[in-house]
Amino acid sequence: MNAARNPVGRPTADTLTDRYVWAVLKSLPEAKRSDIDRELRASIADDVDARVAGGDEPAAAERAVLLDLGEPMRLAAGYAGRPLALIGPDLYVDYVRLLKLLLWIVLPIVTVTLFVINALSGAEPGELIGGTVGILLGVGVHLCFWVTLVFVIIERTGATTRSGGKGYPGSTPFDPDELHAIATGTTGGRSELIASLVFALLVPVALVWQQNSSNFRDADGAPIPVINPELWSFWLPYLIVLAVLTAVFAVVLYRVGRWTWPLVVVNAVLTVATIGPIAWLVWTGAALNEAYLDRLGWTDFVAAGSPSATLTAVILVGIAAWTIIDSVIKTVRASRVAEAV
Amino acid sequence: MLACLLMLRTPQYGYALLEQLADAGIPVEGNTLYPLLRRLESQGLLVSEWNTDESRPRKFYRTSPAGDSLATVLLEDWKNLQLSIDRISRKETS
C-alpha cells in the first residue's frame, strides 16, 4: 500500500481512499504528510476491515468509512490546527470594534474631502452627490476588505499564541468604563453628533462656494469672494482640516458617550486652534476680502481695530471660552453621576 | 481528551482506540480523534512510535509522564465538578 507513492505523497494508484487521503494531504505542510498519510491509511483500512468482517461489501465499506470521516478539508484543518472560520471568537469583538470606528472616522473625512475637491472643480450638484456616493461605496468596501484581510492573517498566524480564550496579546481587554452611558444627559447624543458633522461639512463647502460665486464680479467678470483670497495660502485649508478634526472629535465623543478629562483637553485644543486664528484675522481686518468690502462700502466698518471688528473678535473668544467651560461642567457632572452609581 | 489520556496509559493505535472509547460509552468520530491524538502528541502529552511488526504498520500512542500528571489533575477537576452537580441535584430534589 505504501509502495505506490512518490515522495510528496501524491498517489499513483487511484482508489477512493487514495483520492480521499490526497484531498486531505494536499493542504498540509509536506513535512507532516508522509506520517499522516501512513496513519490515516492504516486507520481507514482498519475501519474497512472491521466493516467487511461485519458482512459489508468491500467497496461499500470503503465508501461508508470515508463518509464517516467527512469533508477532507475539515479533517485537514483538524490535523493542521487551522481554524474553520475566517475570524474566530477571540478576534471577532476587536474586528467589529475597529471596523466600526474606522468607518465612522474615514467615511466622513472622505465625504468632506470629496465635496471640497468636486466643488473646487466646479461640479454640478447632481454630479457632486452621485460621484461622492460612488466613491464612498468604493472606500467603504476597500476599508472592510483590508481590515478583514488583516484580521484573517492575524487569525491564521496568531493561532498558536492563543491563551485560553483570554484574547491575543495586545487585544483590547473589556473595560466596564467604556460602556456607553444610557441617557444620563451628559452629551447631546446623536443630534449633537449630526449637528457637528453637518457643520464640519458646511465649513469647507461654504468656503469653496464663496470663492467661486459671489454677488459681485470684477472687471473681468470673475466673482469677488467674501473671504480674503490670500488666506487660501494657509489659513483656509488649515480651517478645513480643523473642521474635519472637529467632526472626528464629535464622532469620538459620541462613541464614548460622555465627557472625560482627555476629551475636554482635546476639545479645548481644537476650539482654541479654530477660533483663535479666526478671531485674530477678524480683529486685524485680514479675514474679509477688501475688494468685496469696497463694493459694499464697508471698508472702514470692519478695518483693523475698528469697534465692530473688536466686538466680533470678543464674541468669538467668548464662544470659545463658553465651549470649553461647558465641556468642563459636563465632565464634572458626568463624573458625579459615575460616583453616584 | 481525558478519556484518551487515561486509556493510552496502555499503548494503542488510532482505530482500536476509537473502538475502545465507543465500547466504554464515549463514541468519538474518527475525524475528531485522529487530529486530537496528533495534537496531544505535539503538546508532549502523548508519545508515539510506529509498530511495523504486523503486516499493517500502525502508529501506537502512549500517555507521556506529562500527559499522565495532566490526566490526574483533570480527573480531580472532573470528580469535583461531579460532586458539585450531585450536591445541587440533591438539593433540588429534597
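Observations
- Of the residues making up region B:37-56, those that are open to solvent by 30 Å² or more (accessible area, probe 1.4 Å) and at pLDDT 85 or above are B:ARG38, B:ARG39, B:GLU41, B:SER42, B:GLN43, B:GLY44, B:VAL47, B:SER48, B:GLU49, B:TRP50.
- Candidates in region B:3-35 are the residues that are of a type in the set (A, V, I, L, M) and open to solvent by 30 Å² or more (accessible area, probe 1.4 Å); of these, the one that is farthest from the other protein chains (Cβ to nearest Cβ) is B:LEU6.
- The set of residues in region A:81-96 being in a helix (DSSP H, G or I), at pLDDT below 85 and either within 13 Å of chain B (Cβ to nearest Cβ) or open to solvent by 90 Å² or more (accessible area, probe 1.4 Å) (or both) consists of A:PRO89 alone.
- Failed item, numbered, when B:SER64 is tested on (1) among the polar types (S, T, N, Q); (2) under 24 Å from A:LEU66 (Cα atoms); (3) buried (at least 18 other Cβ atoms within 10 Å of the Cβ); (4) more than 12 Å from chain A (Cβ to nearest Cβ): (2)
- Being assigned to a helix (DSSP H, G or I), modelled with pLDDT under 75 and closer than 27 Å to A:GLY81 by Cα holds for only one residue in A:THR172, A:THR160, A:THR148, and it is A:THR160.
- A single entry from A:GLY126, A:GLY131 fulfils the requirement of being farther than 30 Å from A:SER27 by Cβ, without any contact (Cβ under 8 Å) to a residue 24 or more places away in the chain, out of contact with any helix residue (DSSP H, G or I) (no Cβ under 9 Å at 6 or more places or on another chain) and part of a helix (DSSP H, G or I): A:GLY126.
- If the condition is being assigned to a loop (DSSP other than H, G, I, E, B) and basic (Lys, Arg), then region A:201-244 contributes no residue at all.
- Of residues in region A:42-72 being within 13 Å of chain B (Cβ to nearest Cβ), surrounded by fewer than 14 Cβ atoms within 10 Å (Cβ to Cβ) and of a type outside the set (D, E, K, R), the one nearest to A:VAL150 (Cα to Cα): A:LEU67
- Any hit, region A:271-278, residues being open to solvent by less than 20 Å² (accessible area, probe 1.4 Å) and among the hydroxyl-bearing types (Ser, Thr, Tyr): yes
- When we screen A:ALA291, A:ALA304, A:ALA287, A:ALA338 for residues that are modelled with pLDDT under 85 and buried (at least 19 other Cβ atoms within 10 Å of the Cβ), the only hit is A:ALA287.
- Members of region B:36-58 found to be within 11 Å of chain A (Cβ to nearest Cβ) and within 13 Å of the chain's Cα centre (by Cα), listed by number: B:LEU36, B:LEU37, B:ARG38, B:ARG39, B:GLU41
The values are calculated or read from the model by the stated rules, or taken from the named source; none is laboratory data. Note that this is a predicted model, so its numbers are computed, not measured. We place every Cβ from the backbone using ideal geometry, glycine too, and count neighbours over all the protein chains shown. Protein only, heavy atoms only, side chains kept; ligands, DNA and RNA dropped before computing areas. Shrake-Rupley method; radii C 1.70, N 1.55, O 1.52, S 1.80 Å.
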